[in-house]
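The values are calculated or read from the model by the stated rules, or taken from the named source; none is laboratory data. What you see is a predicted model; the values in this text were computed from it and never measured. FYI the Cβ positions are ideal-geometry reconstructions off the backbone, even for glycines, and counts take in every protein chain you see. Surface areas here come from the heavy atoms of the whole protein model, side chains and all, with no ligands, DNA or RNA. Shrake-Rupley method; radii C 1.70, N 1.55, O 1.52, S 1.80 Å.
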Amino acid sequence: NAGVTQTPKFQVLKTGQSMTLQCAQDMNHNSMYWYRQDPGMGLRLIYYSASEGTTDKGEVPNGYNVSRLNKREFSLRLESAAPSQTSVYFCASSEWSPYNEQFFGPGTRLTVL
Amino acid sequence: GQQLNQSPQSMFIQEGEDVSMNCTSSSIFNTWLWYKQDPGEGPVLLIALYKAGELTSNGRLTAQFGITRKDSFLNISASIPSDVGIYFCAGSDNYGQNFVFGPGTRLSVLP
């Protein structure tokens, strides 16, 4: 099992460009999440999908959109990138266990110039 | 919104020493998780806690769910070089529907 995979691993964008970050999990988990990690701030939830066909905003959704393509895949889109979106992005997944421990991918390091 | 504080922010210890770190919240949680993140990698789950007062071990790691439900503690015994990394706590007040993450404790182990 690969667990949670993310592509690309690194990306550099110019202000105003768009891109989609891809995430896939092979653990048959129902819930998937997108976080951003900035220095000294821990992980902040951008969007999550409790199950296939549903998505909800997290703490910092502005400037992002998501698509739960199927049970395995959950993508994050930046329509018009801004320097404030320079960050490391992590995807995670969890099962509908009583306490939903989350398993993380390796991250995408995004720089917006 | 909810916030978690972790202390210390960073620590330098000698190999073989024991380590203690904690995580505090202004609100009550019903689930606590502890993660470790190595450089360039995603966080990896170490220990999950589900009940106030619970003490759970994973090898040299021991974590406790505070009685007040507003804090949690992680101890590492006999530290080794591979313990280096950032340790994050995460708390949920809705049984894992969403988690709030702390800012992390950066651990360095000196040989």
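In the range A:86-104, the qualifying residues are those that are under 16 Å from the mean Cα position of the chain (by Cα) and surrounded by fewer than 22 Cβ atoms within 10 Å (Cβ to Cβ), and the one that is nearest to the other protein chains (Cβ to nearest Cβ) is A:F103. Looking at this structure, is B:R106 at positive phi, among the charged types (D, E, K, R) and out of contact with any Gly (no Cβ under 6 Å at 6 or more places or on another chain)? No: the conditions fail for B:R106.
Yes/no per residue for (1) surrounded by 14 or more Cβ atoms within 10 Å (Cβ to Cβ); (2) over 28 Å from B:R106 (Cβ atoms):
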| residue | (1), (2) |
| --- | --- |
| A:G16 | no, yes |
| A:H29 | yes, yes |
| A:P39 | no, no |
| A:R68 | yes, yes |
| A:R72 | yes, yes |
| A:S75 | yes, yes |
| A:S80 | no, yes |
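Each residue in the range B:54-101 was checked for being in contact (Cβ under 8 Å) with a residue 60 or more places away in the chain, outside any loop (DSSP other than H, G, I, E, B) and not acidic (D, E), and 9 of them qualify. Contact map, the range B:37-53: first residue at the interface with another protein chain (Cβ under 8 Å from one of its Cβ atoms), second residue assigned to a loop (DSSP other than H, G, I, E, B), Cβ cut-off under 7 Å, separation 6 or more or different chains; pairs are B:E41/A:P106; B:G42/A:G105; B:G42/A:P106; B:G42/A:G107; B:L45/A:E101; B:A48/A:Y99; B:A48/A:E101; B:Y50/A:Y99. Sort out which residues of the range B:75-91 are crowded, with 19+ Cβ neighbours inside 10 Å and farther than 22 Å from A:E101 by Cα, and write them in order of number. Matches in the range B:75-91: B:S79 only. Filtering the range B:68-111 to residues that are among the aliphatic types (A, V, I, L, M) and within 11 Å of chain A (Cβ to nearest Cβ) leaves B:I86, B:A90, B:V100. What strands (runs of 3 or more DSSP E) completely inside the range A:1-85 contain at least 2 residues that are touching a residue at least 24 places away in the same chain (Cβ under 8 Å) and within 11 Å of chain B (Cβ to nearest Cβ)? Answer list for the range A:1-85: A:4-7, A:31-37. When B:S72 is tested against (1) open to solvent by 50 Å² or more (accessible area, probe 1.4 Å); (2) touching a Gly at 6+ places or on another chain (Cβ under 7 Å); (3) of a type in the set (G, A, S), just one condition goes unmet, and that condition is (1).
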